[in-house]
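**Q** Structure incoming, see below.
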Amino acid sequence: MKNKQVESAKGKLGVLVIGVGGAVATTFISGTMIVRKGLGIPVGSITQMATLRLGKRKENRFPKVKDVVPLADLNDIVFGGWDIFEDNAYEAARHAEVLMPEDLDKVKDELQAIKPMKAVFDQNFVKRLVGTWVKSAPTKWDLKEAVRRDIQEFKAANGLDRVVCIWCGSTEVFTPISATHETLPALQKAMKENSPEIAPSMIYAYAAIEEGIPYINGAPNLTVDMPAIWDFAAQKQVPVCGKDFKTGQTMMKTVLSPMLKTRMLGLSGWFSTNILGNRDGEVLDDPGSFKTKEESKLSVIHNILQPELYPQLYGDVYHKVRINYYPPRKDNKEGWDNIDIFGWLGYPMQLKVDFLCRDSILAAPLCLDLVLFSDLAKRAGFSGIQSWLSFYFKSPMHDNEHIAEHDLFIQSVKLKNTLRKMIGEKTLDFMD
Ligand SMILES: NC(=O)c1ccc[n+]([C@@H]2O[C@H](COP(=O)([O-])OP(=O)(O)OC[C@H]3O[C@@H](n4cnc5c(N)ncnc54)[C@H](O)[C@@H]3O)[C@@H](O)[C@H]2O)c1
């Protein structure tokens, strides 16, 4: 394999999941175990299933990503994590009711061996949950030190070479960015003073970065999306990425909006509603947590359609997003979109989408890819915000000098071109 810059993936990779007992986490972990035993297909995973065209089209070189990019082998992954409930990963997966018991039983022993470490939790940030397996310490700084010790012990106990940390925990209450999050000294001071502006997710992230571990944010929480953490990640040479896995309705938005714009069709309104019955749905029923999610979901259309360039087409779009907690559906979400568009001479038309998806089934392959790509990024010497991983996020992180890219296909080109560059191949401009 041609590989000029990236260190090889030798040794074991630890994957520490925050919210290890949740629906997404247990579906990701069980699925990865099932796949590596050869008992399932990793559908939806770019690292495991996609190809990477190399050279000119006529060369006909379409190797699989995993055959040319030095990714960690699934058999080298060791899972661990934290949760606010003590259930092991098997019990938690049974409770989540995403995968069928006969699938979970294929990896029952391995799942039972994953016992969560005590969480950093504060109910002010997730109003609907009462944690029973939670750390206590005098300050948030001390809690951060406790998380660092957890990471060090996990690494030593499992003989790991590298570790990646991924947040699959609940969506926290909306925290507006403030002076506390602008600089590293301000953030550190706030942790030592137990400031209410420091969310539990920030404590995990800080600890991970201090340990030199890539951090992935699967929820819309602020967490690593602040100047203080961007500086810290650069200083520690750690890749970070987020926010909020792009799975169902928003994935559809980032496909349909570019279609409208490419054809110069107008948009007057987009009403999105969902019914969802899992624990995530219950947490999002709280207005504070929903506000965090809403912020993440709303920016997409505006960013893609650029109303400032096309005021006649997109200058007056009414965009509304709703999530309704409806227990009978469990993890099987239904997302409806009513899209009011207009064409030639302004004549109105409508598009209706009814996506009957399974939230965690869509999110699990994203977790796997993000873990493997973040580990790769670290070995490639990348640090700070990983914008090439925007493909996976509803609200891709970007610094103050850049804007986010939301179009799924542009994101895909950027992802694959980054992989090409990493392995010393030419990037594609599709001009051949
Ligand atoms: N499934 C999707 O398609 C999707 C898409 C985008 C984002 N997300 C986000 O991913 C996250 C996980 O979703 P889910 O469906 O698995 O939810 P879930 O409620 O099943 O799982 C969340 C887990 O996090 C745990 N938790 C909460 N706070 C914690 C803390 N401070 N420390 C450790 N553990 C903590 C909970 O106990 C629970 O086990 C949510 O934030 C959700 O919004 C999911």
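**Q** Report yes if some residue within the stretch 70-79 is in contact with a Ser or Thr (Cβ under 9 Å, 6 or more places away or on another chain) and either β-branched (Val, Ile, Thr) or within 11 Å of the ligand (Cβ to nearest atom) (or both); otherwise report no.
**A** Checked against the condition, which is being in contact with a Ser or Thr (Cβ under 9 Å, 6 or more places away or on another chain) and either β-branched (Val, Ile, Thr) or within 11 Å of the ligand (Cβ to nearest atom) (or both), the stretch 70-79 yields at least one hit.
**Q** Could you list, ordered by first residue, the pairs with Cβ atoms under 7 Å in which the first is in the stretch 418-432 and loosely packed, with under 12 Cβ neighbours inside 10 Å and the second is assigned to a loop (DSSP other than H, G, I, E, B) and not small (Gly, Ala, Ser), at least 6 apart or interchain?
**A** Between residues of the stretch 418-432 that are loosely packed, with under 12 Cβ neighbours inside 10 Å and residues that are assigned to a loop (DSSP other than H, G, I, E, B) and not small (Gly, Ala, Ser), the close pairs are Asp432/Lys56.
**Q** Within the stretch 111-123, take every residue that is in a loop (DSSP other than H, G, I, E, B) and within 11 Å of the ligand (Cβ to nearest atom) and give me the one that is surrounded by the fewest Cβ atoms within 10 Å (Cβ to Cβ).
**A** Looking only at the stretch 111-123, we keep the residues that are in a loop (DSSP other than H, G, I, E, B), and these are 113-116, 120-123.
Those still in the list that are within 11 Å of the ligand (Cβ to nearest atom) too: 116, 120-123.
Working: Pro116: 23, Val120: 27, Phe121: 24, Asp122: 18, Gln123: 14.
Top of the filtered list is Gln123.
**Q** Same structure, new question: Out of all the residues in the stretch 82-96, is one or more away from the ligand (no atom under 14 Å from the Cβ), closer than 28 Å to Ala208 by Cβ, among the aliphatic types (A, V, I, L, M) and not in a loop (DSSP other than H, G, I, E, B)?
**A** no
**Q** Kindly evaluate Lys253 against the criterion of being buried (at least 23 other Cβ atoms within 10 Å of the Cβ), within 16 Å of the ligand (Cβ to nearest atom) and basic (Lys, Arg). Before the answer, list the steps.
**A** Working: buried (at least 23 other Cβ atoms within 10 Å of the Cβ): yes; within 16 Å of the ligand (Cβ to nearest atom): yes; basic (Lys, Arg): yes.
Answer is yes for this residue.
**Q** Can you confirm whether the stretch 392-405 contains a residue that is assigned to a helix (DSSP H, G or I) and modelled with pLDDT of 95 or more?
**A** yes
**Q** Having 3 or more residues that are within 16 Å of the ligand (Cβ to nearest atom) is the bar; report the helices (runs of 4 or more DSSP H) wholly within the stretch 134-248 that clear it.
**A** Details: elements: 140-157, 184-192, 200-210, 227-236.
Per the criteria, 140-157, 200-210.
**Q** Residues Tyr310, Tyr325: which one is in the same structural domain as Leu265 (by TED's automatic domain parsing), within 13 Å of the ligand (Cβ to nearest atom), of a type outside the set (D, E, K, R) and out of contact with any strand residue (DSSP E or B) (no Cβ under 6 Å at 6 or more places or on another chain)?
**A** Among Tyr310, Tyr325, only Tyr325 is in the same structural domain as Leu265 (by TED's automatic domain parsing), within 13 Å of the ligand (Cβ to nearest atom), of a type outside the set (D, E, K, R) and out of contact with any strand residue (DSSP E or B) (no Cβ under 6 Å at 6 or more places or on another chain).
**Q** State which residue is nearest to Pro307 (Cα to Cα) when the search covers only the stretch 243-267 and only residues that are β-branched (Val, Ile, Thr) and in contact with a helix residue (DSSP H, G or I) (Cβ under 7 Å, 6 or more places away or on another chain).
**A** Quick first cut of the stretch 243-267, residues β-branched (Val, Ile, Thr) only: 247, 250, 254-255, 262.
Now narrow it down to the ones that are in contact with a helix residue (DSSP H, G or I) (Cβ under 7 Å, 6 or more places away or on another chain): 247, 250, 254-255.
Values: Thr247: 25, Thr250: 19, Thr254: 16, Val255: 17 Å.
Per the criteria, the residue is Thr254.
**Q** Among the residues of the stretch 351-373, which ones are away from the ligand (no atom under 16 Å from the Cβ) and surrounded by 22 or more Cβ atoms within 10 Å (Cβ to Cβ)?
**A** Leu372, Phe373 - these are the residues of the stretch 351-373 that are away from the ligand (no atom under 16 Å from the Cβ) and surrounded by 22 or more Cβ atoms within 10 Å (Cβ to Cβ).
**Q** With the requirement that a residue be touching a helix residue (DSSP H, G or I) at 6+ places or on another chain (Cβ under 8 Å) and either assigned to a loop (DSSP other than H, G, I, E, B) or hydrophobic (A, V, I, L, M, F, W, C) (or both), what does the stretch 343-361 give you?
**A** Of the stretch 343-361, the ones touching a helix residue (DSSP H, G or I) at 6+ places or on another chain (Cβ under 8 Å) are 351, 353, 355, 359-361.
Those that are touching a helix residue (DSSP H, G or I) at 6+ places or on another chain (Cβ under 8 Å) and either assigned to a loop (DSSP other than H, G, I, E, B) or hydrophobic (A, V, I, L, M, F, W, C) (or both): Leu351, Val353, Phe355, Ile361.
**Q** Continuing with this model, one more query. Taking Leu366 and the conditions (1) under 21 Å from Leu16 (Cα atoms); (2) in a strand (DSSP E or B), which numbered condition does it fall short on, given that it satisfies the others?
**A** Just one mismatch for Leu366, condition (2).
**Q** Could you list all residues from the stretch 282-295 that are within 12 Å of the ligand (Cβ to nearest atom), more than 20 Å from Phe393 (Cβ to Cβ) and in a helix (DSSP H, G or I)?
**A** Within the stretch 282-295, Glu282 is the sole residue that qualifies.
**Q** Go through the stretch 9-54 residue by residue and tally those that are surrounded by fewer than 20 Cβ atoms within 10 Å (Cβ to Cβ) and within 16 Å of the ligand (Cβ to nearest atom).
**A** Of the residues in that region, 2 qualify.
**Q** Let me confirm something: among Asn303, Asn274, Asn332, which residue is part of a loop (DSSP other than H, G, I, E, B) and either within 21 Å of the chain's Cα centre (by Cα) or buried (at least 16 other Cβ atoms within 10 Å of the Cβ) (or both)?
**A** After ruling out the rest, the residue left standing is Asn332.
**Q** Among residues belonging to the stretch 55-81 that are of a type in the set (Val, Ile, Thr) and in a strand (DSSP E or B), point out the one that is surrounded by the most Cβ atoms within 10 Å (Cβ to Cβ).
**A** Selected residue: Ile77.
The values are calculated or read from the model by the stated rules, or taken from the named source; none is laboratory data. Predicted model, so just to flag it, every value in this text is computed and none were measured. FYI the Cβ positions are ideal-geometry reconstructions off the backbone, even for glycines, and counts take in every protein chain you see.
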